[in-house]
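Trainee: Can you read through this structure? Questions will come right after.
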Amino acid sequence: MATLRIDNLHTGYPGKPIISGLTLPPLVSGEVTILTGPNAAGKSTLLRAIAGLLRTKGSITYEGQDLGPLSPQKRAGVVSFMPQSVPTDINLSVIEAVISALKASPLDAAGDGNEQLHNRAIAVLERIGISHLALEPLNQLSGGQRQMASLARSVVREPKVLLLDEPTSALDLKHQLKVMRLARSFAADGRIVVMVLHDLNLALKWADQVIVMDKGTIASHGRPTTAITPDIIAQVYGVAIRVEICSLGLPNLIVDREL
Ligand SMILES: Nc1ncnc2c1ncn2[C@@H]1O[C@H](COP(=O)(O)OP(=O)(O)OP(=O)(O)O)[C@@H](O)[C@H]1O
């Protein structure tokens with residue numbers, strides 16, 4: 001079992017510290033961790049820091065190896081980050097965008113020729129269920145289609161750690177379930193999957209572990225029904241909720257009122 005450890009992490013933006021001394025529970029391969037919490041809690045900042053996109057102090061280790069000193073290329077071979085907003089100005093087809101994510105990756109450096117890169121990209125589009133969009137220009141896709149294409153770009157490098165920032169925010173109900181099922185299957189491949197989600201019902205039903213962040217710190221963590229309780233949600237969001245077990249035996253969150 002591979003483990004990502006984040007200890008005493010400090011990060012933020014120039015002149016604007018957001019996270020100061022954060023230690024996360026271990027993130028392990030095979031598991032989906034859902035990171036949730038109010039707007040501006042620091043969730044995206046945390047993912048960006050793990051991805052190596054922000055200056056950090058403290059330690060981020062994968063399998064005991066400090067990721068800090070790795071070159072961007074080596075780090076991208078370990079960690080892949082799907083950002084919240086998908087660029088709309090890329091003048092590429094979906095398949096070209098997925099292949100471009102592979103270029104300069106360790107898989108490319110391993111000497112795979114263009115045909116292998118193309119086949120790898122097609123296989124990912126098929127797995128994600130969007131091979132019919134392969135030749136569509138990225139900038140002419142719907143928001144949800146673009147989000148699925150962005151997911152393809154983030155997984156094509158076969159990262160050990162997959163960081164997905166609100167990957168379901170533009171998706172209809174069916175595609176939300178599809179992405180949650182895919183996230184579980186990426187974990188089943190042996191990856192560490194971390195997703196930022198606002199939908200606490202998806203978190204309750206699909207996560208192995210939930211981390212609730214608030215103001216750059218951890219408000220709670222653990223198995224979904226341990227981390228998401230009426231007390232924690234009242235404290236962090238100022239909202240009264242109930243968690244009931246539905247007829248399928250799954251936890252279901254009902255929002256009652258603002259407090
Ligand atoms: N590029 C940036 N430069 C400066 N400050 C930033 C930048 N991006 C985010 N911030 C600030 O960092 C804080 C945390 O933002 P972050 O995006 O990490 O929150 P979040 O928990 O992901 O929020 P949301 O749920 O609204 O997406 C906010 O106060 C925000 O204003």
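Laboratory data are not the source of any read-out in this text; all were calculated from the coordinates shown. These figures come from a predicted structure and were not determined experimentally. Here the Cβ positions follow ideal geometry from the backbone for every residue, glycine too, while neighbour counts run over all protein chains shown.
Trainee: When the helices in the chain are scored as -39500 (n - 2.57) per DSSP H run of 4 or longer and the sum is shared across all residues, what 222 nm value do you end up with, to the nearest 500 deg cm²/dmol?
Mentor: So the calculated ellipticity at 222 nm is -10000 deg cm²/dmol.
Trainee: Name the long-range amide H neighbours of Leu35: under 5 Å, sequence gap of 5 or more, or other chain; modelled H, no Pro or chain starts.
Mentor: Residues meeting the criterion, in which the H sits 1.01 Å from N, are Met195, Val196, Leu197, Ile211.
Trainee: Same structure again: Can you return the lysines within cross-link range of Lys57? Criterion is Cα-Cα under 23 Å, with same-chain partners fewer than 8 residues away left out.
Mentor: Hits, sequence-local ones excluded: Lys16, Lys43, Lys74, Lys160, Lys215.
Trainee: Helix 173-188 versus the longest principal axis of the chain: what angle, 0 to 90°, nearest 10, using Cα atoms?
Mentor: Around 80 degrees separate the two axes.
Trainee: If you plug each phi of the stretch 117-131 into the Karplus form 6.51 cos²θ - 1.76 cosθ + 1.60 with θ = phi - 60°, what whole-Hz ³J(HN,Hα) values come out, in order, with x for Gly and Pro?
Mentor: With coefficients 6.51, -1.76 and 1.60, one gets 4, 4, 5, 5, 5, 4, 4, 5, 4, 5, 4, 7, x, 10, 5 Hz.
Trainee: Among His10, Ala187, Leu92, whose Cα projects farthest towards the positive end of the dipole of the chain, with charges put on the beta-carbon of Lys, Arg (+1) and Asp, Glu (-1)?
Mentor: Final value for the positive-end residue is His10.
Trainee: Going 7 Å from the Cα of Gln235 in the Cα-to-Cβ direction, what parts of the stretch 17-34 have a backbone nitrogen less than 18 Å from that spot?
Mentor: Under cut-off, by backbone N: 22-25.
Trainee: Report the full-extension gain for the segment Ser142 to Asn114: residue separation times 0.36 nm, less the Cα-Cα distance, to one decimal in nm.
Mentor: Full-extension gain reported as 7.3 nm.
Trainee: In addition: What list of ³J(HN,Hα) values in whole Hz, one per residue of the stretch 58-69 in order, does the Karplus curve 6.51 cos²θ - 1.76 cosθ + 1.60 (θ = phi - 60°) give from phi, with Gly and Pro shown as x?
Mentor: Karplus-based 3J(HN,Hα) across the stretch 58-69 equals x, 10, 10, 10, 10, 6, x, 8, 5, 7, x, x Hz.
Trainee: Let me ask you something else. What spacing in nm lies between the two simple spin-label points modelled at Thr61 and Gln84, each 7 Å away from Cα in the Cβ direction?
Mentor: For Thr61 paired with Gln84, the spin-label model returns 3.1 nm.
Trainee: Once you place label points 7 Å from the Cα toward the Cβ at Asp172 and Ser71, how far apart are they in nm?
Mentor: 4.5 nm
Trainee: Arrange the peptides 36-48, 224-236 so that the one whose residues have, on average, the most other Cβ atoms within 10 Å appears first.
Mentor: Averaged packing, sorted descending, gives the order 36-48, 224-236.
Trainee: Can you tell me which of 5-15, 246-256 comes out highest on packing, and rank the rest after it, using the mean Cβ neighbours within 10 Å?
Mentor: 5-15, 246-256
Trainee: Still on this structure, I have one more. Please list 3J(HN,Hα) in residue order for the stretch 8-23, calculated via the Karplus relation 6.51 cos²θ - 1.76 cosθ + 1.60 where θ = phi - 60°; whole Hz, with x for glycine and proline.
Mentor: 6, 7, 10, 7, x, 10, x, x, 9, x, 10, 10, 10, x, 8, 10
Trainee: Shifting gears a bit: Out of the DSSP beta bridges found with both residues in the chain, what percent are antiparallel (nearest 5)?
Mentor: Rounded to the nearest five, the antiparallel share is 60 percent.
Trainee: What whole-number volume per residue, in cubic angstrom, does the convex hull of the C-alpha atoms of the chain give? Intermediate values should be presented prior to the final figure.
Mentor: Values: hull volume 35.4 nm³, N = 259.
Considering the Cα atoms of the chain, their hull volume per residue is 137 Å³.
Trainee: What spacing in nm lies between the two simple spin-label points modelled at Lys215 and Leu250, each 7 Å away from Cα in the Cβ direction?
Mentor: Placing both labels 7 Å along Cα→Cβ, they lie 3.4 nm apart.
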